[in-house]
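Beneath this line is the structure, given in C-alpha cells, with notes to follow.
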Amino acid sequence: MNNGKKATSLPPRKEEKDVTLFIKGNANQLSTKSLPSGRFGGGLDSFYMRRCLQLARNGQQNAQPNPMVGAVVVCNGRIIGEGYHVRCGEGHAEVNALASVKQEDEHLLKESTIYVSLEPCSHYGKTPPCADLIISKGLKRCVVGCIDPFAQVQGRGIQKLRDAGIEVTVGVLAEECQALNKRFMTFHQQKRPFVTLKWARTQDGVMGVKGERLIISNTYTQMLCHKRRTEHQAILVGRKTLEEDAPTLNVRAWIGKNPQPIVLGSHVKNLPQGWWSFPTVEDLLSALYEKGVQTLLVEGGRTTLQAFIDKGMWDEAFVEWGDFSWAENPEGKTRETVKVPVWRDAERIADERVMGRNIEHWKHLSTTE
Ligand code: AOF
Ligand code: ZN
C-alpha cells in the first residue's frame, strides 16, 4: 500500500566471495559461497539469515546444552514458515519452521528455500535428522549459516542434502552464526568447556588482601556476578581460596540454577559435600568435556586465574573495577596484597557500565568467534 512515503528497498547484493571450508575430522571439503556480513549488507540471503538469528536467540534460556538455532521458510519473497529450537530434547528449528507452514502453503515447499543458522543435523539424537525431513518435504534450496561442529554431524547434513539434489549455500553470516553459539562451538571444536574468567580489582590493581576478605563489588555488581553464575554449568576456585574464604559459589543475588562447584588443586582438605575436585587444569578440562559440561566460570584466586591464562585455556573474562585504591587505605602499607593476573593474548572488546562501576569484557585472541 502506498502511504505517501518513499518505499525503502534492500541494498544491492554485494559480490559473492568463494570460500572453501575444510571440516575437521571429516574428509569432506565443502565449497561454499560466503556473503559479506555488514548489518544491512549482503542481500536477501543475509536478510533472511538475520531473521534466523533473531528467532534463534529465543532459545537462550532453554535450548542449552543444545545450540540456539533459528529457521525460516521462504517462497518467492514471502516467509511461509518460521521456527527455532525451543528446548533441548524437543523439535529442532527446521522441524518447528516446517510445522508452522499453513496447509494451504504446503504445495509451495517444492519451490521454497529453507534458511537455517546451523547446518541441519544428519544424526538420530533425541530427535530424527532434520536433513531427512527437508528432503522428504521436497524443498528446493537450503541456506546454512555455519557448519555444526558436533562430531556426528560436521558437514554430513549438508552432504545429505546435496546428495538428494537440493541446492545448498553455506556460510551466510557465518561469523554471527558461530558467535551466537560460541560456547557450543568451543566445546565441540576444542573438546573442552568454554572458560570464562572473572575477578574484581581496585583502581591500583589489587584483587585481594592476605588474611582478610576484600569486598570490591557493590550490591548491583554482585547481582551481575550471580547472574553470570546462572549462565554457567560449573564454577571453580583454587584450593587456597576454598580454604581461606570458604565460598559457597551458589546463586543468591539472582534467580537461576546453581552451577556445579569445583575446586582446583591437589590435597584439598575438607572438600564440601557435592563439590568436585581436580588436581590440574588439564585433568579438569578433559573430565568436564567427558561429563558434557560446556561452560566453566573461574572466580579465582590469582594463582588459579593466572594458570588458566598461562596455559591459554580461557575464552573470555570480566574484570570489575572498584571505585577506590588500596593504597589510599591507612592500613594499605602494612598488609600483604594480591595483585591482578598478568594478561597474555587478550583483547578488550567492551565495557559494561553498572551503576557507576565499569566491568571490562575481554576476549582471548584464539577464541572461536
Ligand atoms: C539442527 N537444528 O535446531 C538444532 C540442532 O539430541 P538432539 O536430537 O536434539 O540433537 C542435538 C544436536 O543436534 C546438537 O548437539 C547439535 O549438533 C544439533 N542441533 N540441529 O538441525 C537445530 N538445535
Ligand atoms: Zn536437527
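The values are calculated or read from the model by the stated rules, or taken from the named source; none is laboratory data. Just so you know, these numbers come straight off a predicted model, no measurement behind them. No Cβ is skipped: glycine too gets one built from the backbone with ideal geometry, and neighbour counts run over all protein chains shown.
Worth pointing out:
- Counting only strands (runs of 3 or more DSSP E) that fall entirely inside the stretch 293-359 and contain at least 3 residues that are polar (S, T, N, Q) and over 26 Å from the mean Cα position of the chain (by Cα), no element qualifies.
- Taken over the stretch 105-114, the criterion of being of a type outside the set (Asp, Glu) and either within 14 Å of ligand 2 (Cβ to nearest atom) or surrounded by fewer than 17 Cβ atoms within 10 Å (Cβ to Cβ) (or both) is satisfied by 107, 110, 114.
- Taking (1) over 16 Å from residue 195 (Cα atoms); (2) at pLDDT 95 or above in turn, residue 286 satisfies each apart from (1).
- Complete set of residues in the stretch 258-280 that are closer than 21 Å to residue 182 by Cα and surrounded by fewer than 20 Cβ atoms within 10 Å (Cβ to Cβ): 260
- Within the stretch 306-360, the only residue that satisfies the criterion of being touching a Cys at 6+ places or on another chain (Cβ under 9 Å) and within 22 Å of residue 190 (Cβ to Cβ) is 318.
- Here residue 170 fulfils each of the conditions (1) free of Cβ contacts under 8 Å to residues at least 60 places away in the same chain; (2) within 24 Å of residue 57 (Cβ to Cβ); (3) of a type outside the set (Ser, Thr, Tyr); (4) away from ligand 2 (no atom under 14 Å from the Cβ) apart from (1).
- Scanning the stretch 247-271 for residues that are of a type in the set (Lys, Arg) and over 18 Å from residue 219 (Cβ atoms) returns 257, 269.
- Subset of the stretch 77-106 [among the polar types (S, T, N, Q) and under 29 Å from the mean Cα position of the chain (by Cα)]: 96, 100
- Taken together, the residues in the stretch 80-90 that are within 8 Å of ligand 1 (Cβ to nearest atom) and surrounded by 17 or more Cβ atoms within 10 Å (Cβ to Cβ) amount to 2.
- In the stretch 134-143, the count of residues that are within 16 Å of ligand 2 (Cβ to nearest atom), over 15 Å from the mean Cα position of the chain (by Cα) and among the basic types (Lys, Arg) is one or more.
- Among (1) within 13 Å of ligand 2 (Cβ to nearest atom); (2) modelled with pLDDT of 95 or more; (3) surrounded by fewer than 20 Cβ atoms within 10 Å (Cβ to Cβ), the one test that residue 126 misses: (2)
- Scanning the stretch 69-104 for residues that are in a loop (DSSP other than H, G, I, E, B) and under 15 Å from residue 161 (Cβ atoms) returns a single hit, 92.
- When 259, 193, 149 are checked against the criterion of being within 18 Å of the chain's Cα centre (by Cα) and within 16 Å of ligand 2 (Cβ to nearest atom), 149 stands alone in meeting it.
- Selection from the stretch 302-311 of residues that are surrounded by fewer than 21 Cβ atoms within 10 Å (Cβ to Cβ) and touching a strand residue (DSSP E or B) at 6+ places or on another chain (Cβ under 7 Å): 302, 303
- Taken over the stretch 53-68, the criterion of being within 16 Å of ligand 2 (Cβ to nearest atom) and outside any loop (DSSP other than H, G, I, E, B) is satisfied by 55, 56, 59.
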